[in-house]
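**Q** After the structure tokens below, expect a handful of questions from me.
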Amino acid sequence: MGVEISVKNHELAAYMAKELMEDKLLVVIVGPTAVGKTALCVTLAQLFGTEIISADSRQFFKEMAIGTAKPTVEEMDGVVHHFVDHMSVDTPYSAGRFELDALAKAKTLFATHDTVIATGGSTLYIKGLVEGFDDMPKTPEAVRAQVIADYEEKGLEFLVKELWANDPAYADEVDLQNPQRVMRAVEVFRVSGQPMSFYRKNKLDARPFKMLKIGLEREREELYDRINRRVDIMIEQGLFEEVERLLPYREVNALQTVGYKEVFDYMDGQYDREEAIRLLKRNTRRYAKRQLTYFKKDEEFHWFHPEDEAGIVALIREHLKGEVKE
């Protein structure tokens, strides 16, 4: 349950002990859902002759395509996307494990490429790749069982209120509709007396390659219109049918997210189809806002409109040549 972060181990140490790759560049491209990351990254990968590491935590799973807006073969346009369709939805996977897997993949790609592109909107997985995690306290089974009991008996809202009271910084950025994330944060505080944010503010791991962080944004009205249209397209493509096929797995962490939870609740009879669609659009817009808020806190990001390909390409070339203008 939750994200088990325990990556300060021999695997990470062994990776970081390898020879430095100071002439290699990881281009990290982030942005809110529906902003246009896929199309831009494919264009850049083709231009720089490289491949893409996907840090979208839900696109890892083979069974989740429509609700995650997973890029189609046509949209990938011949560019290799690593970690897309990486595993089955019932396979446990964590941001800590992704850190190790993604770093290993980057090392392999840097053997034959000067530039590698990493992209996604999953804040925790991007963090794992570019920074790593601090060690988190282990949760005794008794504490975990009590948190689960509180969730089942008192509801998610009870735990959300506890999280706001004890860790408002983390509550402000986490998906509060994701029970697994909320429960994990509550567990951490109950075990250690410290908020989740306490374990995420210490000095993080250096990387043996250069890194360029690029953020994509659009005017709010433009972005929200794209989100609404994307939801309509998902429904036309069969989102409700996809969710129905995933009913046997509805308790897994990946499905406790926007785009799936609303449809599950509709299937439970909590509201009608029209209301499910309205909530899906609203919650996706709220999620996009949280993504932007999180990424905007990192001052190392350079922000562009997705259609400013010339400006983005110029910045990448500056970093490749070591001609960075701060």
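**Q** Look through the range 165-198, keep the residues that are surrounded by fewer than 13 Cβ atoms within 10 Å (Cβ to Cβ) and over 17 Å from Met136 (Cα atoms), and return whichever of them is nearest to the chain's Cα centre (by Cα).
**A** Pro168
**Q** When you check Val186 against the structure, is it in a helix (DSSP H, G or I), in contact with an Asp or Glu (Cβ under 7 Å, 6 or more places away or on another chain) and either polar (S, T, N, Q) or at pLDDT 85 or above (or both), yes or no?
**A** Yes: the conditions hold for Val186.
**Q** Which residue out of Ala65, Ala69 is in contact (Cβ under 8 Å) with a residue 60 or more places away in the chain, assigned to a loop (DSSP other than H, G, I, E, B) and touching a Lys or Arg at 6+ places or on another chain (Cβ under 7 Å)?
**A** Ala69
**Q** Output yes when any residue across the range 136-150 is assigned to a helix (DSSP H, G or I) and touching a Pro at 6+ places or on another chain (Cβ under 9 Å), and no when none is.
**A** Looking through the range 136-150, none of the residues is assigned to a helix (DSSP H, G or I) and touching a Pro at 6+ places or on another chain (Cβ under 9 Å).
**Q** I'm trying to understand the selection: among the residues of the range 214-223, which are surrounded by 14 or more Cβ atoms within 10 Å (Cβ to Cβ) and either in a helix (DSSP H, G or I) or among the basic types (Lys, Arg) (or both)?
**A** Matches in the range 214-223: Arg218, Leu223.
**Q** Could you please find all residues in the range 224-245 being in contact with a Leu (Cβ under 9 Å, 6 or more places away or on another chain) and crowded, with 18+ Cβ neighbours inside 10 Å?
**A** Scanning the range 224-245 gives Val231, Met234, Leu239, Val243.
**Q** Return the residues of the range 29-69 that are polar (S, T, N, Q) and closer than 23 Å to Arg290 by Cβ; say none if nothing qualifies.
**A** Matches in the range 29-69: Thr33, Thr38, Ser54, Ser57, Gln59, Thr68.
**Q** Kindly provide the set of residues from the range 107-123 that are surrounded by 23 or more Cβ atoms within 10 Å (Cβ to Cβ) and not in a loop (DSSP other than H, G, I, E, B), ordered by number.
**A** Thr115, Val116, Ile117, Ala118, Thr119
**Q** Something else about it: Look through the range 1-56, keep the residues that are among the polar types (S, T, N, Q) and modelled with pLDDT of 55 or more, and return whichever of them is surrounded by the fewest Cβ atoms within 10 Å (Cβ to Cβ).
**A** Filtering first and then ranking leaves Gln46.
**Q** Continuing with this model, one more query. Please pick out the residue among Gly259, Gly311 that is surrounded by fewer than 14 Cβ atoms within 10 Å (Cβ to Cβ) and either under 30 Å from Met87 (Cα atoms) or in contact with a His (Cβ under 9 Å, 6 or more places away or on another chain) (or both).
**A** Gly311
**Q** Check Gly238, Gly215 and return the single one that is within 30 Å of Glu22 (Cβ to Cβ) and at pLDDT 95 or above.
**A** Step by step, each of Gly238, Gly215 is checked, and only Gly215 is within 30 Å of Glu22 (Cβ to Cβ) and at pLDDT 95 or above.
The values are calculated or read from the model by the stated rules, or taken from the named source; none is laboratory data. Since the structure is predicted, the reported quantities are computational estimates derived from the model, not experimental observations. Virtual Cβ from ideal backbone geometry, glycine too; neighbours counted across all protein chains shown.
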